[in-house]
Amino acid sequence: MLTASIVASLSLAVPLGISKPAWPKEIEPARSEPKPSKCDRSQFRVVLDVGHTIDAPGAISARNVPEYDFNLRLAKYLERSLIEDGFAKTVLLVTGGRARPSLFKRVARVNGLSANLLVSIHHDSVPDSLMESWEFEGKESHFSDRFRGHSIFVSYDNPHLDRSLLFGRLLGKELKDRGLQYARQYTQPIMGRYQRELVDPGAGVYRYDKLIVLKGTQMPAVLFEAGSIINREEELEMNSAERLDLINASLRAAVKMFCNLSSPTLRARTGNSATR
């Protein structure tokens, strides 16, 4: 979950709501017209960052499971699949320690890996003010069934904003094509300090500039909230093989397209198409 511990500052001086991004015209044809691979998958490095740590496990699900457990399981599954697809240099990044120090530690490690893409894996919750109480297995627990869905975040402070937006959009489109809906609540005032600008309403990509793991890394980067574990129904779905397979297929397809679209020739043609 996105909490205060993973941002450098709680202030975000940007207008909230929905904006219309500028996207490279080559993206849509690339999704609809299969072409031979333009990239060497064996040399293309994806870093799968497991959000949070054992010591600072993030959100607690409606059934009292730490978010970190969900993040680690999904990241391991994605790692295996990407390696099977030929992305042999894929790295599973697991960081230890307390919340804030671990953020700077993981950024330093990622920047030393010569990576082509960072995907930080998380699972979502809601602000405490939106929680309700219930009893699960004899223990008082908390839930919120009001919201559900995944979210994708990019930082406009990342030095590779255009490529971060590109991957975020590709991933969002793949998830949408498989029937998965993104979380809509981040544009609402009820989210308080967690309210964000929706930069692509078609793909569910939000702007969150101050996320340390995104703004401090020197490669294209997105933070992916795979689903809501505070929603009692969606928590069960996040534990299902069917949902994991849908997420896995979406990310694999997005990485393949991103790898092809990141070829030197296309990068020279498109340049930085996003508006900062």
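Each value in this text was obtained by applying a stated rule to the coordinates, not by laboratory testing. Computed from a predicted model, the values in this text were never measured in an experiment. Cβ sites come from the backbone with ideal geometry, for glycine too, and all protein chains shown count toward neighbours.
When you restrict to C-alpha pairs under 8 Å that are six or more residues apart and normalise by the size of region 39-270, the relative contact order lands at 26 percent. For region 64-110, trypsin sites (Lys or Arg not before Pro) meeting the loop criterion (DSSP other than H, G, I, E, B) and having at most 13 other Cβ atoms within 10 Å: ARG98.
Annotation: extensible slack from LEU236 through GLN188 equals 14.7 nm (criterion: 0.36 nm per residue apart, minus Cα-Cα distance).
Measure up LYS176/LYS256; LYS38/LYS210; LYS105/LYS215 against 24 Å on the Cα-Cα distance and list the ones that go over. LYS38/LYS210, as the Cα separations exceed 24 Å there. For the pair GLN43/ALA88, report the inter-label distance in nm, with labels modelled 7 Å from Cα in the Cβ direction. Output for this residue pair reads 1.3 nm.
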